[in-house]
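A short write-up of the structure that comes next.
The values are calculated or read from the model by the stated rules, or taken from the named source; none is laboratory data. All figures in this text were calculated on a predicted structure; none of them were measured in a lab. Every residue, glycine among them, receives a Cβ derived from its backbone with ideal geometry; neighbour counts consider all protein chains shown.
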Amino acid sequence: MYRHGEPVVDLWGGFRDVEKCQPWREDTLVLVFSATKGLTATGIHQLVEEGRLDLDAPVARYWPEFGQAGKDRIPLAWILSHRAGVPAVDAALSTEEVLAGPALLDAIARQAPAWEPGTAHGYHPRTFGWILGEVVRRVTGASLGRHLALRVAAPLGLDFHLGLAEEHEPRVATLVPPEPPRSAIARRVQARLLGPKTLLGRALHGPGELAYGEVWNTRALHAAEMPSSNGIATAHALARHYAALIGEVDGIRLLHPQSVAKARQPAVRGRDRLLVLPTSFGLGYMLPPSLSPACGPESFGHPGAGGSLAFADPGAGLGFGYAINRMRLGLTGDARSRSLVEAVYACL
């Protein structure tokens, strides 16, 4: 946790392997899943500040092939706020093709929207990052992972990686997949939400085999760039990133205050077409109450599958990061991070 640009809490514990032989260390890295989206959004807003991207311009201006199948008028802001109607990719692709990129991007360009773009919002768990990543590549000539390394991680010394170099692989904690639901009712609810024919199930598990299993512990997945979901970081890096969005950290601020104010204003709010529950998003960042029930009303950030959480609270001057390797899945937040956030606000 950071407060007013200074680190005030930095804790780690537990084990980085299933056998509980390797203790979690200060520099242990872990996949943070959709908490990656917050840093991706920051990279996009940096390019907007430079005039290289326009939030109101159609994605097809930067990536012409994306304009197929009725997607020609979808502006960049609708990708950031999950209004594009393209949460799932239905092409039959292997995991290797998905991680490689070209065949996947061609499939996204050809994909028809699941609803009329702009008329509703629904969480885009993977396509959010794939689309934004290709926009950045078309505009800058470099990958989004490279942009974040140079413009976000390097200035602040963040131990954050999108496209992990092999030299850092020994520090990555092993993910422990979530346990299946124990009750019959919970299993039926999960099947209704995540079944292979549901929109959410298609978005999370395809294309390729990206369910929360052993593939997430492979070198191939760690080395790839999935700007929605395979960022690898420490909790300290997540907190420091958000602290540098709402104030200076060692003399560095990542975005102008006006950009942050615009990005954290509610762009959509209400029933989510994929998650079913009400959700609220700004331009790339998730907002309360869907961010975490314990976060302050001014907070913005992003949780990640399994339990990770990162956010800023401008009013309280907070930058917060939490990252884990024992996954738990739920639609109402993680009890572990919630108790920590409650403790933070109790201290204030």
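Numbers below:
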{"quantity": "Residues satisfying the stated conditions in segment 27-56, i.e. in a loop (DSSP other than H, G, I, E, B) and either of a type in the set (Phe, Trp, Tyr) or in contact (Cβ under 8 Å) with a residue 24 or more places away in the chain (or both)", "calculated": "Asp27, Thr28, Val32, Arg52, Leu53, Leu55"}
{"quantity": "Residue among Gly296, Gly307, Gly208, Gly301 that alone is out of contact with any His (no Cβ under 7 Å at 6 or more places or on another chain), more than 24 Å from Cys347 (Cβ to Cβ) and not aromatic (Phe, Trp, Tyr)", "calculated": "Gly208"}
{"quantity": "Only one of Ala109, Ala60 that is part of a helix (DSSP H, G or I), free of Cβ contacts under 8 Å to residues at least 40 places away in the same chain and either in contact with a helix residue (DSSP H, G or I) (Cβ under 8 Å, 6 or more places away or on another chain) or crowded, with 20+ Cβ neighbours inside 10 Å (or both)", "calculated": "Ala60"}
{"quantity": "Residue, surrounded by the fewest Cβ atoms within 10 Å (Cβ to Cβ), within segment 1-35, restricted to residues that are more than 19 Å from Ser299 (Cβ to Cβ) and polar (S, T, N, Q)", "calculated": "Gln22"}
{"quantity": "Subset of segment 191-219 (residues that are more than 21 Å from Leu104 (Cα to Cα) and touching a residue at least 60 places away in the same chain (Cβ under 8 Å))", "calculated": "Leu193"}
{"quantity": "Which numbered condition Ser299 misses (of (1) closer than 18 Å to Leu238 by Cα; (2) surrounded by fewer than 20 Cβ atoms within 10 Å (Cβ to Cβ); (3) among the polar types (S, T, N, Q))", "calculated": "(2)"}
{"quantity": "The lone exception for Ile232 - which of (1) closer than 22 Å to Val344 by Cβ; (2) under 18 Å from the mean Cα position of the chain (by Cα); (3) at pLDDT 95 or above it fails", "calculated": "(1)"}
